[in-house]
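**Student:** Please read through the structure below; I'll follow up with questions.
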Amino acid sequence: MSDPIEQALALWGMTGAECNFVAGRENRVYKVTHEGADFALRFKRPGYRELAELTSELSWMAEMARAGLSVPAPRLSLEGRLLEELDGHYVDLITWLGGRPLGKSRDPLALPDATGTFYRLGGIMARMHTACDAWSPPFGFNRCQWNAAGLVGDAPLWGRFWENPTLDTSTAAMLRDFRQQAARALASLDLDTGLIHADLVRENVMIEGDDLHLIDFDDGGYGYRLFDVATALLKNRAEPNYPALKQALLDGYLSVRPLDMTHLDLFLALRAVTYVGWIVPRMDEPGSPTRNTRFIKDAQELCGAWLAQNAAYQGG
């Protein structure tokens with residue numbers, strides 16, 4: 001389809017600006033250059049998010065930018081709005097953050113100081129959580145819930161992972177057992193919760209010199225702080241120095257704010273099973289069967305290890 005780019009640019013007073021397509025999935029994103037500054041023009045996928053969710057994301061990002069975090073900052077349209085509607089699409093404009101991704105999933109990390117980078121990332125994540133706790137969101141603020149229901153309830157945010165149709169009988173049984181026991185664990189624990197990014201994978205952390213930028217708040221909402229930590233770690237488990245990377249991330253976080261890391265293994269397993277659900281409606285996309293196999297393997301390893309070590313949550 002053809003996006004109404006010129007009409008959208010006009011809403012921000014940028015008619016004729018240089019505009020190049022960058023990526024498209026949940027958002028169709030264009031890089032815009034206007035008067036020496038770069039921006040991201042984003043066309044939202046119809047029906048994927050409600051209006052209140054989209055405006056809440058933008059007000060949240062604006063607050064994080066005001067708090068000193070390096071995140072995309074929304075730019076108001078000429079009408080003073082964070083979000084505009086055009087030809088059935090919601091459209092926004094945010095600042096473009098430079099640099100390169102921390103890495104690409106499945107590729108070996110190529111960082112000159114990987115442990116130092118993960119230490120900084122842990123600290124930035126902690127600063128973000130602190131800034132979120134200090135903020136009072138506006139009336140009508142609405143973001144998804146990465147709580148127990150959103151992770152292991154009847155309708156998890158990313159799908160009923162235990163019903164992935166490619167699971168063999170024993171793996172499906174294990175994931176059903178994990179779901180039940182994880183629900184009991186979450187109900188019994190007093191854990192740190194609040195607004196979280198929820199998707200701090202390598203591709204959403206940009207490196208520019210010594211600076212780290214956090215992008216793509218699309219999946220952010222209310223949830224367990226350990227879920228953010230687990231997300232940043234999960235896809236680095238194959239790195240030969242993973243124990244050092246993990247420790248650096250935790251040390252960086254704890255240098256800024258306290259967080260009980262006792263149950264991190266539970267959240268690594270919870271993060272792993274979300275992908276087993278996420279992939280189901282995407283099975284027809286190129287590469288999905290391979291990704292599905294990898295996601296299931298991660299879930300088998302992490303859920304099996306957690307179940308073996310946490311018999312206390314078994315029973316009726």
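**Student:** I'd like the residue in the range 3-40 that is touching a residue at least 40 places away in the same chain (Cβ under 8 Å) and closer than 15 Å to Phe217 by Cα and, out of all such residues, is surrounded by the most Cβ atoms within 10 Å (Cβ to Cβ).
**Tutor:** The qualifying residue surrounded by the most Cβ atoms within 10 Å (Cβ to Cβ) is Asn27.
**Student:** Something else now. On the basis of being hydroxyl-bearing (Ser, Thr, Tyr), assigned to a loop (DSSP other than H, G, I, E, B) and more than 19 Å from Pro281 (Cβ to Cβ), does Ser136 make the cut?
**Tutor:** Yes.
**Student:** With the requirement that a residue be exposed (fewer than 14 other Cβ atoms within 10 Å of the Cβ) and either without any contact (Cβ under 8 Å) to a residue 40 or more places away in the chain or outside the structural domain of Leu54 (by TED's automatic domain parsing) (or both), what does the range 77-91 give you?
**Tutor:** Gly80, Glu85
**Student:** Looking at Leu270, Leu249, which one is crowded, with 21+ Cβ neighbours inside 10 Å, in contact with a helix residue (DSSP H, G or I) (Cβ under 7 Å, 6 or more places away or on another chain) and within 17 Å of Pro156 (Cα to Cα)?
**Tutor:** Leu270
**Student:** Can you tell me which residues in the range 92-120 are within 15 Å of Lys235 (Cα to Cα) and buried (at least 18 other Cβ atoms within 10 Å of the Cβ)?
**Tutor:** Leu102, Gly103, Leu109, Ala114, Phe118
**Student:** If I go through the range 214-238 residue by residue, how many of them are of a type outside the set (A, V, I, L, M, F, W, C), surrounded by 17 or more Cβ atoms within 10 Å (Cβ to Cβ) and within 16 Å of Ala114 (Cα to Cα)?
**Tutor:** Of the residues in the range 214-238, 2 are of a type outside the set (A, V, I, L, M, F, W, C), surrounded by 17 or more Cβ atoms within 10 Å (Cβ to Cβ) and within 16 Å of Ala114 (Cα to Cα).
The values are calculated or read from the model by the stated rules, or taken from the named source; none is laboratory data. Predicted, not measured: the structure shown is a model, and the values here were computed from it. Here Cβ is always computed from backbone atoms with ideal geometry, including for glycine, and neighbour counts include all displayed protein chains.
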